[in-house]
Amino acid sequence: MRRTVRLFLAILAGCWIGAVAVPASGEPLNVVTSVIPVAYIVEELGGERVEVHALVPPGASPHTFEPVPSDLRTLAGARVFVAIGGGFDGWSDRLLGAAPKGIEAMHLIEAPNLNPVEGEDDHHGEEKAAKEEDHHGEEKAAKKEEDHHGEEKVAKKEEDHHGEEKAAKKEEDHHGEEKVAAKEEDHHGEEEFNPHFWLDPIRVRDVLVPVLVQGLMAADPAGKDHYEKRRKDFHQRLTALDQEIRTELGKAKTRKYIAFHAAWPYFAERYGLEKVAVVQEFGGEEPTPREVATLVRDARAAGVGAILVEPQLNPRVAQTIAAEFGAGTVVVDPVGDPGDPARDSYEDLMRFNARAFGQALQGKRN
Ligand SMILES: [Zn+2]
C-alpha cells in the first residue's frame, strides 16, 4: 500500500521534474532536498541538467514528517542533498549518516547573510514535556489522525512501523535502520531558528540562489555556464515576483494577519505585515483552550477578518476559532504541491500566497 502510494507520488513528481533531457555529459545530476520549495528552486537553477526529488511528500507537513527506509534509498541516489538545517529537518542528518559517503550535503541555514529569525518562544514548555512522556503508540497514531486526513495516514503509520521498516531492516542490515527508527526523539520544537526563510523571494534571490548555484557547479563543473545563465534569469524573475507581491498586498486594507503556524515571519517582514497570533505554535501541535480564548480576543481587538490555514495541517481548529469571531479562513501554502498547477513552481506558489494573503487582509475567504 505505502509502496503504491509512494510510486504514485513519484510518477506525479515526474510531471514537474519535467523534461529531464540528459545533458551531453551523461546522466542528470541527482539532487535530493528535504522539502518541496527548495526542490522548486533547484529545479529553476538546474533545468534539464538536474533531477530533483523532495523527501517530504506533497500534502505532508515537514514539521511532523518522519522518514521511512525508502527515503534512505532515495537519498542514497543523490549527488547533492539540500537540507534546511537548524533542527527543522534534523531527521535528514540521521538519514545522511546512514547513506553512502560522497553525497554533497548542504544546510541552507548556514548560508552567508541569511540572517535567520529566531525560533518562536517555547511557551508550551511544560505541556510539551508532559506530552512527550505519553507520546507512544496509540496516542501518536490518534494524534496523527487529527493532524492530517484520517485513516490513510494511520494506515500508513502502521505500515511504517510494522511492515516496510522491519522488512527493510533485514534487507539492509547495518545501514542505520536504528537511526531511522529513532525518529520519535527529535520530533519538533527544537528549531533554533524559524526555518521558513524560503518564503521571502528576496532572500531566495540574494542568499539561497547563490549558495545553491555554487553547490550545483561544484557537483557538475561542466554545467557552469548553464547554471550561471539560469541563475541570471531566475534572479530577474524573482525581482519581478517581489514587485508583483508588493502590488498584490498593496491593495490590502490592513496589515494584520493570523497564521495557522509560524511560517510567515520572513514573508511578513519583507512585505510589512504584522502577525497578531498563530493557531499552532509548532506545526502539528493543537492549541490549548486557553490559547484559543486569547487568540479570539486578540483577533477581535485587531479586527482580523480571516485566519490563514494550510493544506498540510488540519484546519478544523482554525475554522472553529474563526467562526467564533465571525471570520473565515483562507488557504495559504508554505510548502507547495507539484500536483497542483497553482502551486507547482516557486513563483506560482508565491503568487498563490500573495493572492491568499491579499484576500485574508481584506477579510475575504477563498
Ligand atoms: Zn512550517
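Bear in mind that the values in this text are calculations on the coordinates, not laboratory data. Computed from a predicted structure; not experimentally measured. Because the Cβ atoms are built from the backbone with ideal geometry, glycine has one as well, and the counts that use them run over all protein chains shown.
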**Message:** Relative contact order for segment 251-361: what percent, with Cα pairs under 8 Å and sequence separation of 6 or more?
**Reply:** 26
**Prompt:** Which order, highest average first, do 79-92, 235-248 follow once you tally other Cβ atoms within 10 Å for each residue and take the mean per peptide?
**Reply:** 79-92, 235-248
**Request:** Give me the net charge of Leu349's neighbourhood, meaning all other residues with Cβ under 10 Å from the Cβ of Leu349; Lys, Arg count +1, Asp, Glu -1.
**Result:** -4
**Asked** Tell me, what HN-Hα J-couplings in whole Hz come from the Karplus equation 6.51 cos²θ - 1.76 cosθ + 1.60 at θ = phi - 60° for each residue of segment 313-321, using x for Gly and Pro?
**Response** 10, 4, x, 3, 4, 4, 5, 4, 5
**Complete:** Subtracting the Cα-Cα distance of Lys251 and Arg316 from 0.36 nm times their residue separation yields 20.5 nm
**Packing-based ranking, highest mean first, of 307-314, 71-78 given that Cβ atoms within 10 Å are counted** = 307-314, 71-78
**Complete:** With 0.36 nm assigned to each residue of separation and the Cα-Cα distance removed, Gln236 to Glu274 gains 10.9 nm
**Prompt:** Can you work out ³J(HN,Hα) from phi for every residue in segment 294-302, in order, using Karplus 6.51 cos²θ - 1.76 cosθ + 1.60 and θ = phi - 60°, giving whole Hz and x for Gly and Pro?
**Reply:** 4, 5, 4, 4, 5, 5, 4, 4, 7
**Message:** With θ taken as phi - 60° and the coefficients 6.51, -1.76 and 1.60, list the Karplus ³J(HN,Hα) couplings across segment 57-65 in order, rounded to whole Hz; mark glycine and proline as x.
**Reply:** x, x, x, 9, 7, x, 6, 10, 5
**Asked** Could you give the distance between the Cα centres of segment 283-330 and segment 83-107, to the whole Å?
**Response** 34
**Message:** Under 5 Å between amide hydrogens, which residues at least 5 positions from Glu104 or on another chain qualify, with H placed 1.01 Å from N in the peptide plane?
**Reply:** Val80, Phe81
**Fill in**
Packing-ranked peptide list from 261-274, 196-209, highest mean Cβ count within 10 angstrom first, is 196-209, 261-274
**Item:** Residues whose placed amide H lies under 5 Å from that of His53, excluding near-sequence neighbours
**Value:** Val31, Val32, Thr33
